[in-house]
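Chemist: Take this structure, written in structure tokens, and hold onto it; I'll ask about it next.
The values are calculated or read from the model by the stated rules, or taken from the named source; none is laboratory data. It should be emphasised that the depicted structure is a prediction, and the values quoted were computed from it without experimental measurement. Neighbour counts run over all protein chains shown; Cβ positions are idealised from the backbone, glycine included. For accessibility, only protein heavy atoms count, side chains too; no ligands or nucleic acids. Shrake-Rupley method; radii C 1.70, N 1.55, O 1.52, S 1.80 Å.
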Amino acid sequence: MSAKTYEVRTYGCQMNVHDSERLSGLLEDAGYVRAPEGTAEGEADVVVFNTCAVRENADNKLYGNLGRLAPMKTKRPGMQIAVGGCLAQKDRDTIVKRAPWVDVVFGTHNIGKLPVLLERARVQEEAQVEIAESLEAFPSTLPTRRESAYAAWVSISVGCNNTCTFCIVPALRGKEKDRRTGDILAEIEALVGEGVSEITLLGQNVNAYGSDIGDREAFSKLLRACGKIEGLERVRFTSPHPRDFTDDVIAAMAETPNVMHQLHMPLQSGSDTVLKAMRRSYRQERFLGIIEKVRAAMPDAAISTDIIVGFPGETEEDFEQTMHVVREARFANAFTFQYSKRPGTPAATMEGQIPKEVVQARYERLVALQEEISWDENKKQVGRTLEVMVAEGEGRKDDATHRLSGRAPDNRLVHFTKPDEPVRPGDVVTVEITYAAPHHLLAEGPAKAVRRTRAGDAWERRNAAPAEKPTGVMLGIPTIGAPVPTPAPAATGCGCD
């Protein structure tokens, strides 16, 4: 019997992306194989939707996709459809009522049950809905299919203790739960042993790490511990919260050589009035103070942010305060969002909802300002010599332009002329920047140096290895599993920062 194929469709933030790696690992551990690229819609034997609940139309998007699969499933009775993630945690039984052809619904706390639920649905021939109210096992104990051979997500906590009025994530992912530091470092060391050279520490509120044990310096200690892992070249983290961003974290970033001088610090609004309504526990002065301290310790730091435009009650004066912070902070880039109601959040029922045309006009002004600043900041990179870690799939036009693409230490995207010698994703190429655009840098001259790395070796091994072809689907006992590098500090429009 040929192996059954699977496809995982991911929506939402980095947490969902990382969860999808777990889901893929679970399915492969149970004997499924990933559907080949280019597989037509509905041709995979199992289709898993890992959903997000933070957009007003998230459910419409899901049910639209499920609707397209309904006739395909009718033609292929053995096909199975599973829905997990934040929307599944929120809507629960609603999903099978609206889409009775769905086989499995599981939540954010029990992703490890997916293979068992699929098998149970097949045997019992009825939908299986299982939503846990609290975390059953830390996701990092589950098998994982890493999307990258050279860069990895490493989850240090799940859940969030904040109560931002625009965000439903804490209600769906629960209170913050931290991993043991030793478990985190053991996972990183195992990944480095496999060839990974860049890791991104991941948490809903990553720098609140340690709240479980009452150690306010636990996160900075973790960063410093990462600096002692031989072979680990780049350490990043996302996303921190200004409330918990303390001086010891800045010192650890500045003093630990492999912690990159790159920071994604969500602002959301520059107005103290709006920040209070958002229930964000900092104000403009505090935010700009952090930026000032980071720049004093690391003048080369690239800082990015998230901003929501048009939050209920936002006045023109409030919006101007946001523009002021953008001018003062000079972000390398910003992920900007027009406020949209998140069902189940306090903000969705607040008075003072802003007309769409007003939000759109403000949004366009903000984007224009940030584009100008991003371009100015990138122009400062022209003439600099940078070590670029070669990435996979970052440059859509690379084939046509005969270039390669990768990330500088500060996470800026760099397109560069392909060197004469072979270069693999994970290798490091030293180039001189010759041109800057708002969202990327260009190095048009020949490479100054090429360093072949263990990460490049790992990429080469992965791509040379023949795909395993299990003979059938068997439910394996989950084993300990050992993440794609973020294209940029991914925008957490979910407001989980």
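Chemist: Considering only the stretch 197-208, I want to know if a residue exists there that is more than 18 Å from residue 265 (Cβ to Cβ), among the small types (Gly, Ala, Ser) and modelled with pLDDT of 95 or more.
Modeler: Yes, that holds for at least one residue.
Chemist: Which of the residues spanning the stretch 359-392 are under 26 Å from the mean Cα position of the chain (by Cα) and small (Gly, Ala, Ser)?
Modeler: Result: 368, 374, 391.
Chemist: Does any residue in the stretch 333-356 that is among the β-branched types (Val, Ile, Thr) come within less than 7 Å, Cβ to Cβ, of a residue that is in a strand (DSSP E or B) six or more places away or on a different chain, and which pairs are these?
Modeler: Every condition considered, the pairs that remain are 336/307; 336/309.
Chemist: Next question, about the same structure. Are there any pairs with C-beta distances below 9 angstrom linking a residue in the stretch 267-292 that is more than 16 Å from residue 240 (Cα to Cα) to a residue that is basic (Lys, Arg) and open to solvent by less than 40 Å² (accessible area, probe 1.4 Å), with the two at least 6 apart or on different chains, and if so which?
Modeler: 274/280
Chemist: Where the second residue is of a type outside the set (Lys, Arg) and open to solvent by 70 Å² or more (accessible area, probe 1.4 Å) and the first is farther than 19 Å from residue 429 by Cβ and lies in the stretch 369-394, which pairs have Cβ atoms under 7 Å and are six or more apart or on separate chains?
Modeler: Listed pairs, sorted by first residue: 374/439.
Chemist: Then there is this: Surrounded by 16 or more Cβ atoms within 10 Å (Cβ to Cβ) and part of a loop (DSSP other than H, G, I, E, B): which single residue out of 431, 423 fits that description?
Modeler: Numbers: 431 fails: part of a loop (DSSP other than H, G, I, E, B).
None of the others qualify; the one that does is 423.
Chemist: Taking into account only those residues within the stretch 357-379 that are open to solvent by 50 Å² or more (accessible area, probe 1.4 Å) and in contact with a strand residue (DSSP E or B) (Cβ under 8 Å, 6 or more places away or on another chain), which is nearest to residue 269 (Cα to Cα)?
Modeler: Taking the candidates together, the pick is 363.
Chemist: Further question on the same structure: Answer yes or no as to whether residue 165 is among the hydroxyl-bearing types (Ser, Thr, Tyr), open to solvent by less than 10 Å² (accessible area, probe 1.4 Å) and farther than 14 Å from residue 235 by Cβ.
Modeler: Working: among the hydroxyl-bearing types (Ser, Thr, Tyr): yes; open to solvent by less than 10 Å² (accessible area, probe 1.4 Å): yes; farther than 14 Å from residue 235 by Cβ: yes.
Here the answer is yes, as residue 165 does meet what is asked.
Chemist: Let me ask another. Here is a check on your reading of the model: is residue 352 open to solvent by less than 20 Å² (accessible area, probe 1.4 Å), among the small types (Gly, Ala, Ser) and at positive phi? Reasoning before the result, please.
Modeler: On the way: open to solvent by less than 20 Å² (accessible area, probe 1.4 Å): no; among the small types (Gly, Ala, Ser): yes; at positive phi: yes.
So residue 352 does not fit the description; no.
Chemist: I'm checking my understanding of the structure. Among residues of the stretch 389-415 that are farther than 26 Å from residue 298 by Cα and in a strand (DSSP E or B), which one is most open to solvent (accessible area, probe 1.4 Å)? Outline the logic, then answer.
Modeler: So in the stretch 389-415, the residues farther than 26 Å from residue 298 by Cα come out as 392-404.
With the extra rule that they be in a strand (DSSP E or B), the set shrinks to 403-404.
Values: 403: 68, 404: 34 Å².
Applying the filter and picking the extreme gives 403.
Chemist: So, one more: Identify, please: which residue in the stretch 242-259 is modelled with pLDDT of 95 or more and open to solvent by 20 Å² or more (accessible area, probe 1.4 Å) and is, among those, nearest to residue 409 (Cα to Cα)?
Modeler: Here the residue is 257.
Chemist: Further question: Which fully enclosed strands (runs of 3 or more DSSP E) of the stretch 1-117 have 1 or more residues being farther than 30 Å from residue 166 by Cα and open to solvent by less than 40 Å² (accessible area, probe 1.4 Å)? Talk me through it step by step, then tell me what you get.
Modeler: Working: elements: 5-10, 46-51, 80-85, 104-106.
Once the strands (runs of 3 or more DSSP E) in the stretch 1-117 are filtered for at least 1 residues that are farther than 30 Å from residue 166 by Cα and open to solvent by less than 40 Å² (accessible area, probe 1.4 Å), what remains is 5-10, 46-51, 80-85.
Chemist: From 471, 492, grab the single residue that is modelled with pLDDT under 85 and buried (at least 18 other Cβ atoms within 10 Å of the Cβ).
Modeler: Values: 471 fails: buried (at least 18 other Cβ atoms within 10 Å of the Cβ).
Testing whether each residue is modelled with pLDDT under 85 and buried (at least 18 other Cβ atoms within 10 Å of the Cβ) leaves just 492.
Chemist: Now for a different question. Within the bounds of the stretch 168-181, is there any residue that is small (Gly, Ala, Ser), open to solvent by less than 30 Å² (accessible area, probe 1.4 Å), touching a helix residue (DSSP H, G or I) at 6+ places or on another chain (Cβ under 9 Å) and within 27 Å of residue 281 (Cα to Cα)?
Modeler: Within the stretch 168-181, the first condition is being small (Gly, Ala, Ser), and the residues that meet it are 171, 174.
Narrowing the set further to residues that are open to solvent by less than 30 Å² (accessible area, probe 1.4 Å) leaves 174.
This time we only want the ones that are touching a helix residue (DSSP H, G or I) at 6+ places or on another chain (Cβ under 9 Å), so: none.
There is no residue in the stretch 168-181 that is small (Gly, Ala, Ser), open to solvent by less than 30 Å² (accessible area, probe 1.4 Å), touching a helix residue (DSSP H, G or I) at 6+ places or on another chain (Cβ under 9 Å) and within 27 Å of residue 281 (Cα to Cα).
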